[in-house]
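> Sharing a structure, written as structure tokens. Questions coming.
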Amino acid sequence: MKLYNMNLSNFATKSRLVIYEKGLNIEMAPIPGGELKSAEYAKVNLLGKTPALDADGLVIPESEVINEYLEDKFPTPALLPKSPEGRAKVRILTRFHDLYLEPPLRALFGQMNPKTRDAKIVEEKVGDFKNRLGQLDKMLADGGFACGDFSLADCALAPTMFFATNLMPAFGLQPLDGHTRVAAWWTHVQTRPSVKKGLGEMAEALAAMQRGGR
């Protein structure tokens, strides 16, 4: 198997965390053609996004589908609870992440330069993200990982929170302030070896990108 991967991508990191947690021997492959919109990569993944998992000929796009596949294929160690109710709680958080928490943050990536940013977009998306953080604070388990034991929910949330804590201060937002459960979870989840490795790779990639932009 191989994962078409970019270390700075929070969605690719989301799947790398599952791979690291389960100790899987999966190749980390660069994007063919060097960019997501390349013709070479379109032959692999029509969606033109990262990650994509080549599972011995079956190409699986979308990080959440990849992670659920890996959980089904390699159930030990488990990253979903045994009970249907426990699994639903994890999936509520992974769905919340993909559809509600991450999109307003992503919309701010193109607004990092104060000289070119659109004040209206920034106000709207910062407000939306603050609202979603408040919702997340109420959804997280009280202490420990997102749903009690380490799960696919932590794999989804941690890479995006890396971006939030590193980039949101540029917009005057300290994302952990006033969000007690989010702050406690963020401190705890970073002690997990798989998370520490994945976020370390993101940090290196972010530093390299920032050096290249100077």
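Where a number appears in this text, it was derived from the coordinates with a stated rule and is not lab data. Given the structure is predicted, the values throughout are model-derived calculations rather than measurements. Because the Cβ atoms are built from the backbone with ideal geometry, glycine has one as well, and the counts that use them run over all protein chains shown.
> How large is the translational diffusion coefficient of the stretch 84-212 in µm² per second when you combine the Kirkwood radius over alpha carbon pairs with Stokes-Einstein at 37 °C and 0.692 mPa s?
Working: Rh = 15.3 Å.
D, rounded to a whole number, is 215 µm²/s.
> Please report the antiparallel percentage of DSSP beta bridges with both residues in the chain, rounded to the nearest 5. Kindly include the intermediate steps, with their values, before the conclusion.
Values: 9 of 12 bridges.
Of those bridges, close to 75 percent are antiparallel.
> Search the structure for amide H atoms under 5 Å from the amide H of Ser151, placed 1.01 Å from N in the peptide plane, and list their residues when 5 or more places away or on another chain.
Excluding prolines and chain starts, which carry no amide H, the hits are Ala146.
> State the answer as a single residue: which of Thr165, Gly134, Pro84 lies farthest towards the positive end of the charge dipole of the stretch 78-214, with beta carbon charges of +1 for Lys and Arg and -1 for Asp and Glu, about the Cα centre.
Looking along the dipole axis, the top candidate is Thr165.
> Along the Cα→Cβ direction, 7 angstrom out, place labels at Leu24 and Val65. What is the inter-label distance in nm?
Taking the two extended label points, one gets 1.5 nm.
> List the relative contact order of the chain as a percent without decimals, with contacts defined as Cα pairs under 8 Å and 6+ residues apart.
Once normalised by length, the contact order is 23 percent.
> Let me ask another. Taking the stretch 84-212, how many lysine pairs are there with alpha carbons less than 18 Å apart, if each pair must be eight or more places apart or span two chains?
4
> Would you kindly derive the ³J(HN,Hα) couplings of the stretch 38-43 from the backbone phi angles with the Karplus curve 6.51 cos²θ - 1.76 cosθ + 1.60 (θ = phi - 60°), listing them in order in whole Hz, with x for Gly and Pro?
5, 5, 5, 6, 4, 6
> ³J(HN,Hα) across the stretch 143-152 via Karplus (A = 6.51, B = -1.76, C = 1.60, θ = phi - 60°), whole Hz, x for Gly/Pro?
Per residue, the Karplus-derived 3J(HN,Hα) values read x, x, 8, 4, 10, x, 7, 4, 8, 4 Hz.
> Once the other residues with Cβ under 11 Å from the Cβ of Thr50 are scored (Lys, Arg +1; Asp, Glu -1), what is the net sum? The partial results should precede the final answer.
Working: positive: Lys14, Arg16, Lys49; negative: Glu35, Glu62.
Net charge around Thr50: +1.
> Place a +1 charge on the Cβ of each Lys and Arg in the chain and a -1 charge on the Cβ of each Asp and Glu, then give the dipole magnitude about the Cα centre in debye, rounded to the nearest 20.
On the way: 27 positive and 25 negative charges, 79 e Å.
Its charge dipole is roughly 380 debye.
> Also, quick follow-up: Rank by packing, highest mean first: peptides 5-11, 176-182, 70-76, with packing defined as the count of other Cβ atoms within 10 Å averaged across residues.
Numbers: 5-11: 21.1, 176-182: 15.9, 70-76: 14.1.
Highest to lowest by the protection proxy: 5-11, 176-182, 70-76.
> Starting at the first residue of the stretch 59-69, write each ³J(HN,Hα) from the Karplus equation 6.51 cos²θ - 1.76 cosθ + 1.60 with θ = phi - 60°, in whole Hz, x for Gly and Pro.
Using θ = phi - 60°, the values come out as 8, 10, x, 6, 4, 5, 5, 4, 5, 5, 4 Hz.
> Could you work out how much longer the chain between Asp72 and Ala88 gets when fully extended? Use 0.36 nm per residue separation minus the Cα distance between them, nm to one decimal.
Length difference between fully extended and current span is 4.2 nm.
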